[in-house]
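**Q** Below is one structure. I have some questions about it.
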Amino acid sequence: MPTSSNTRHRVSRSRRALVRRGRAAAAAVVVLPLALVASGGTALAGPVVVTPAARAAAALGEQAGPAVVLLRVALLAGTALAGGIALVHGLLGRRAPQGSSRGLLGGHVPRGLLVTAWVAAGVVAAAAEITHLTGSVSVLGTVAHVVLALVAAALLGTRWSAVPGAVLLVLLAAQLGSIHTGLAFALDATYAVASGVLVGATAVAAAGARRAGPAPGPRAGEPAVPAGSGPATGAPSAGLRSRAAAEAPTVPFGAVAVPEKADRPDVHPRSGVLARVAIAAGAVAVGAGVAQLVVSGPDTTHDLTGSGYGLAGLAAVALPVLVMAGWAAALLPAGRLRARELHRIAGVTGVAGIAAAALLATLPLPGPGPEPGRPLLRTVGAGADRLAVLVAPMRPGPNLVRLSGTGYPPPGTTDGTAVQPVALATGGHEHGPTLPTAASVSTDPTSAPAVPFTARDGAAGGWAVVDLPAGASTLTVSAGGVTSTVPVDTGSAAATPVEGALTGPDGPECAAALLGDLVGQRPGDATPEAGTCPSDTLSEADAGALRATIRTLTDHGVRSVRVVADDSPRSLAAAELVRTRATEAGARLVERPDADSALIVVSGWAPAAATLREASARALETPTHLGGTYLAPWLLTAGVVTRTSSSVVPLAFNPQDQLAKRYAGEVGAAFPGEAPSTSGYVRWAAHSGVPLDERPALFGAAPVDVPMTVNAPGDTDGHHGGGNPAAWFPHGTVVPVSAPLDPS
């Protein structure tokens, strides 16, 4: 039988070895994730900067269903629990002969911990297999995930369980950070590893903690101490203890054997090491979660507390803090008797924190924060759908608010009668929800009257003009029975005259140009300012296109011209140019429609749509404008060209080119229902470095359904099938009808 001295030496060596392993584990939890974060800016790719248009497109796109979300949460939470238990118990676990079970490969494990590990492994295996059946994960990845989870549970109770446990946490890090790159990915990976270790340490501690029970009484053979006679209630005084020891029979020293601490169920030599590892892991997880919110989280406190994404991010940070609080309570004298219950609650809380982090990948990132003088593109709820909303110029005073969707009533309608936009009437751009009920916007629902969204001629969507106060505030948008708030910040500087044009009759074209700016914005670029509206000046490219148009039609024998303009600076300059060139070419100017004249429209969108609608109705009764209908370049948009059976537009680009279709698809994704326009394309092309043609060409626009390309099976990006988001003329075509012309 070993002597007491030998036993003490062996226990001392075991304790020192245990402390070394605990320090190494704690150091790994702190150093390795921090090294991963430090290397995120150099060794990994740069952080992903999401533009406002990309955020809107992601929020408006197809969202993950409840089943997909549940599978992801179950897979990641189960992986964290299975990997954390296997890693921590393999490194810091101890044999537990009393109340324990024998592992599959011979190790002794507390019964509760073994059951928890196998349940976690089963959840991982089931979730991985179902995810594979949905086509989201490859066969190899599914097999690796299932095998590692089952092997980790089978090896539990041996040192080898740490190997599959570590690999499972690596898989968890890769899956949790799959939506990010660079520093954001490093932070996700750090959070995953630290949270897995935190949950594993908590589960191991819960399995080894003592059960709650009454306070320990005096030892056998020792008399009870009356209340108040000792230093603590129920504890014998020093004098009584000494007397009992003196009266006890003498036992030879060599016959006394000091029991191993591992054999005493009320002594837990590893609880201190587990506590250090758990608290270190929790601190790292909280730090990584806070850093992730700063790097890629919501841009405003409004979105941090008022959006699902922000609440999930806050939960991912706050829940590990509660786990550490549970550990701190269990280490206090009053909490030791409730250690098992405290650790169990903390373990469930830690798993919930990982579930909250897993939810972030399934929730749309809230829109960007508002900036004075820059357009704001966000999304709002509308029943089961989401709508895009654009606010500009973001200055104190009148601001234009545009909402996607269809079915808005015309201005002045009081009976709620909805108007069907021309894009829907012609069969194109019908994506986006239809709103049968009224939609409105207000700065203060309790005091300020709500402004209804109404339709505007020549443009799709709903439009409203709202007075915004100076500084930060919110807009309340009601649509589809759902009320949403949008943070705004107008600053203190008043709107310039050019910014004020947004709230005028040319607001739809100005908004289209702003959307072209936002869609063309590249990651890292500042959000473009509201700037000038296209209707403020006549550009040299547009002037050259009009000169070439007049020369062409007069060369073809047209001797009568009717010019339609409005009072915008661009339209006045264009009308003067057209009249001058037509007169110089010998053409006669007329003010009213007739049979022989050519119609040249250089007004804004709304007057042009009304003019073309009137001319088309008149042509059904009597010959009108047989010389042709010619539109200014900026009038190429679905709300205008579809008002007439055919028209000619001079353009410095080809709408059938892939770049033009790409712009149309991108703007439609960021703002559903938005028709491509010349003004938007010019702004988009400037960001993309796409040069316009130096010599314009005449293009014919007509409602003729002619396929221009042959599509692959299942591809709907042609003219047939309807709903082509890249169509410049819905269910029609825009094709060149002349060679490049001289713009001089």
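**Q** If you check residue 643 against the conditions, is it open to solvent by 10 Å² or more (accessible area, probe 1.4 Å), touching a His at 6+ places or on another chain (Cβ under 8 Å) and under 27 Å from residue 501 (Cβ atoms)?
**A** Considered against the rule, which asks whether it is open to solvent by 10 Å² or more (accessible area, probe 1.4 Å), touching a His at 6+ places or on another chain (Cβ under 8 Å) and under 27 Å from residue 501 (Cβ atoms), residue 643 comes out as no.
**Q** Let me ask something else about it. Inside segment 674-701, can you point out the residues that are at pLDDT 90 or above, open to solvent by less than 60 Å² (accessible area, probe 1.4 Å) and not in a helix (DSSP H, G or I)?
**A** Hits for segment 674-701 are 674, 675, 676, 677, 696, 697, 698, 699, 700, 701.
**Q** Of the residues 579, 592, which single one is basic (Lys, Arg), surrounded by fewer than 22 Cβ atoms within 10 Å (Cβ to Cβ) and not in a loop (DSSP other than H, G, I, E, B)?
**A** Details: 592 fails: not in a loop (DSSP other than H, G, I, E, B).
Just one listed residue meets the conditions, 579.
To keep it simple, each residue is scored yes or no on (1) open to solvent by less than 10 Å² (accessible area, probe 1.4 Å); (2) closer than 25 Å to residue 571 by Cβ.
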{"site": "440", "(1), (2)": "no, no"}
{"site": "459", "(1), (2)": "no, yes"}
{"site": "471", "(1), (2)": "no, no"}
{"site": "490", "(1), (2)": "yes, no"}
{"site": "493", "(1), (2)": "no, no"}
{"site": "501", "(1), (2)": "no, yes"}
{"site": "506", "(1), (2)": "no, yes"}
{"site": "510", "(1), (2)": "yes, yes"}
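**Q** What number goes with the only condition from (1) in contact with a His (Cβ under 7 Å, 6 or more places away or on another chain); (2) open to solvent by 70 Å² or more (accessible area, probe 1.4 Å) that residue 140 does not pass?
**A** (1)
**Q** Still on this structure: Scan (1) at pLDDT 90 or above; (2) within 27 Å of the chain's Cα centre (by Cα); (3) under 25 Å from residue 176 (Cβ atoms) for the single condition residue 345 breaks and write down its number.
**A** Exception for residue 345: condition (2).
**Q** Restricting attention to segment 647-658, does a residue exist that is polar (S, T, N, Q) and open to solvent by less than 30 Å² (accessible area, probe 1.4 Å)?
**A** Taking every residue of segment 647-658 in turn, at least one turns out to be polar (S, T, N, Q) and open to solvent by less than 30 Å² (accessible area, probe 1.4 Å).
**Q** Also: Evaluate the following for residue 604: is it out of contact with any strand residue (DSSP E or B) (no Cβ under 6 Å at 6 or more places or on another chain) and surrounded by 15 or more Cβ atoms within 10 Å (Cβ to Cβ)? Even if it seems obvious, please write down each step before you answer.
**A** On the way: out of contact with any strand residue (DSSP E or B) (no Cβ under 6 Å at 6 or more places or on another chain): yes; surrounded by 15 or more Cβ atoms within 10 Å (Cβ to Cβ): yes.
When the stated conditions are applied, residue 604 passes them.
The values are calculated or read from the model by the stated rules, or taken from the named source; none is laboratory data. On a predicted model such as this, the values are computed, not experimentally measured, just so you know. All Cβ positions, glycine included, derive from the backbone under ideal geometry; neighbour counts span all protein chains shown. The accessibility values were calculated without ligands, DNA or RNA, using every heavy atom of the protein model including side chains. Shrake-Rupley method; radii C 1.70, N 1.55, O 1.52, S 1.80 Å.
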